[in-house]
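Comments concern the structure below.
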Amino acid sequence: MGLAVIDFVAVIMIWMWKIMGFYLSVGVTAISIALSLIYAGSAGIGAVIFGIIGMALLYFAMRPVWKNFR
């Protein structure tokens, strides 16, 4: 629940053109990946793959307008 709230704050920060929101989202994803591997083991590999894909998509979506972020 706590990670979801932090990720929601990160999305709001991205919406407000703050680069820190991207880094916060990457951090939340890294923590989620670690937790899914710890608690689910090899069954959590799907969460790892989708987490990495999600961050890559966010990065490639933000890259053309990266200079507009503060």
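Computed log10 I(q)/I(0) for the chain at 0.27 Å⁻¹: -1.18, from the Debye equation with unit scatterers placed on every C-alpha and solvent omitted. When you count the other C-beta atoms within 10 angstrom of each residue and take the mean per peptide, 10-20, 55-65 line up highest first as 10-20, 55-65.
Here, each number is a calculation from the coordinates, and none is a lab measurement. Since this is a predicted model, take the numbers as computed values, not measurements. Positions of Cβ are generated from backbone atoms using ideal geometry, with glycine treated the same way; all protein chains shown enter the neighbour counts.
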